[in-house]
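Scroll down for the structure; my scribbles are underneath it.
The values are calculated or read from the model by the stated rules, or taken from the named source; none is laboratory data. These numbers were taken from a predicted model, which means no experiment stands behind them. Here the Cβ positions follow ideal geometry from the backbone for every residue, glycine too, while neighbour counts run over all protein chains shown. These accessible areas exclude ligands, DNA and RNA; they are computed on the full protein's heavy atoms, side chains included. Shrake-Rupley method; radii C 1.70, N 1.55, O 1.52, S 1.80 Å.
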Amino acid sequence: MKMLINVPETVVADALRGMAAAHPELTVDVENRVIVRRDAPVAGKVGLVSGGGSGHEPLHGGFVGPGMLSAACPGEVFTSPVPDQMVRAAAAVDSGAGVLFIVKNYTGDVLNFDMAAELAEDEGIQIAKVLVDDDVAVTDSLYTAGRRGTGATLFVEKIAGAAAEEGQPLERVESLARQVDANSRSFGVALSACTTPAKGSPTFDLPPGELELGVGIHGEPGRERRAMMTSREIADFAVQAILDDMTPRNPVLVLVNGMGGTPLLELYGFNAEVQRVLGERGVAVARTLVGNYVTSLDMAGASVTVCQIDEELLRLWDAPVRTPGLRWGM
């Protein structure tokens, strides 16, 4: 498999060096693997820290900046960052108002962020944590006890980030983050496997003419495999899986997310089908975001995330944001 890299061993460091060159508004510590907004710590502001394995870009480093994350910790590809990175990030963004850790529900991430929280608190930093577990496809998976954390991570980071930017206290920022996670559901579909730099070949076998319904963002197995379906059929299945698990009574945010290898032409067509199904089910859509935001390297496929919102959450979603991967209103 051809890849635009030097050698697998330096792929993350090379990407961080490139990010630093492209985004002088960020402080990118290549050696210690920490990305921080350059103006951190901001006086009186809660710090937001997240992280996870590389390969899901722009999640998480691409969401560092005003209105979203204060810092992010990238691990090796599909590998959790280590506690030292998280403590370093927390110290860099702590203004005295506390720090919120936003953690996707994968065993390595959970364990390491828990350890980092203890270490940071030993250093006098007030830490709160929120776990993102929005994937309805399966209950337990290869790297997870409980539901996996996927597309809702973007909603949590954006809405909590906006609240923190306004100067809201740690307890309120944490509460909003938990509310967003509790109101979010996701479902993903793979049309092809992804290829990690270290392996150089597909991470799982998906025969031509088949797709994986309910795939995870590391290529974890989903609910079932089927013969290839149309965009319309996939939208019917994915949205129904979400609505089987939630009954929105308020308008929703919708994320139609590419897994990394699906062009926007196809994603927008898929979004048309997602909107059709939601309309048929009587679900009012407040805002929609389409693009590659929570990816799985070069995997072809897409995921749908739906988040039920109220006026406050919508206001925070619409608030200005300026990061490499998401920006509006500034």
TODO: Would you please classify the overall shape of the stretch 1-152 from the alpha carbon gyration tensor, given that a ≥ b ≥ c denote the square roots of the eigenvalues, rounded means a/c under 1.5, and beyond that prolate means a/b larger than b/c while oblate covers the rest?
DONE: oblate
Open item on the list: Debye calculation, C-alpha points only, no solvent: report log10 I(q)/I(0) for the stretch 1-77 at q = 0.15, 0.24 Å⁻¹, in the same order as the q values.
Closed with: -0.49, -1.12
Open item on the list: Rounded to the nearest 10 Å², what accessible area does Arg315 have for a 1.4 Å probe in the complete protein model?
Closed with: 110 Å²
Open item on the list: Once R0 is set to 41 Å, what does the formula 1/(1 + (r/R0)^6) return for the Cβ-Cβ distance between Thr247 and Asp84, expressed as a FRET efficiency to the nearest 0.05?
Closed with: 0.40
TODO: Could you list the residues of the stretch 278-302 with an amide nitrogen less than 20 Å from a label point located 7 Å from the Cα of Glu311 in the Cα-to-C-beta direction?
DONE: 284-287
- [ ] Enter the accessible area of Trp317 (Å², nearest 10), with the probe set to 1.4 Å and all protein chains included.
- [x] 10 Å²
Open item on the list: At 10 °C and a viscosity of 1.306 mPa s, what translational diffusion coefficient does Stokes-Einstein give for the stretch 210-279, taking Rh as the Kirkwood radius over Cα pairs? Give it in µm²/s as a whole number.
Closed with: 121 µm²/s
Open item on the list: What does the C-alpha gyration tensor say about the overall shape of the stretch 187-330? Classify as rounded when a/c is under 1.5, otherwise prolate if a/b is larger than b/c, or oblate.
Closed with: oblate
TODO: Using label points projected 7 Å from each Cα along Cα→Cβ, tell me how many nm separate Glu224 and Asn6, to one decimal.
DONE: 4.8 nm
Task: Shape category assigned to the stretch 91-143 from the gyration tensor of Cα positions, a/c cut at 1.5 - done: prolate
Task: Heavy-atom accessible area ranking, 1.4 Å probe, most first, across Thr79, Thr247, Thr295 - done: Thr247, Thr79, Thr295
TODO: Please figure out what share of the DSSP beta bridges in the chain is antiparallel and state it in percent, rounded to the nearest 5.
DONE: 55 percent
Open item on the list: Ignoring everything except DSSP H segments at least 4 long, calculate the 222 nm mean residue ellipticity for the chain; use -39,500 (n - 2.57) per segment, divide by total residues, nearest 500.
Closed with: -10000 deg cm²/dmol
Task: Accessible-area value, Ile5, 1.4 Å probe, nucleic acids and ligands omitted, Å² - done: 60 Å²
- [ ] Please report, in whole Å, how far the alpha carbons of the stretch 141-270 spread along each principal axis, starting with the longest.
- [x] 51, 37, 31
Task: Loop sites in the stretch 247-290: trypsin sites (Lys or Arg not before Pro), DSSP, at most 14 other Cβ within 10 Å - done: Arg249, Arg281
- [ ] Give the label of the value calculated from the structure for percent of Cα pairs over 26 Å apart, choosing from (1) 43; (2) 51; (3) 65.
- [x] (1)
- [ ] State, to one decimal in nm, how far the label point of Glu25 lies from the label point of Ser95, with both points 7 Å from Cα in the Cβ direction.
- [x] 1.7 nm
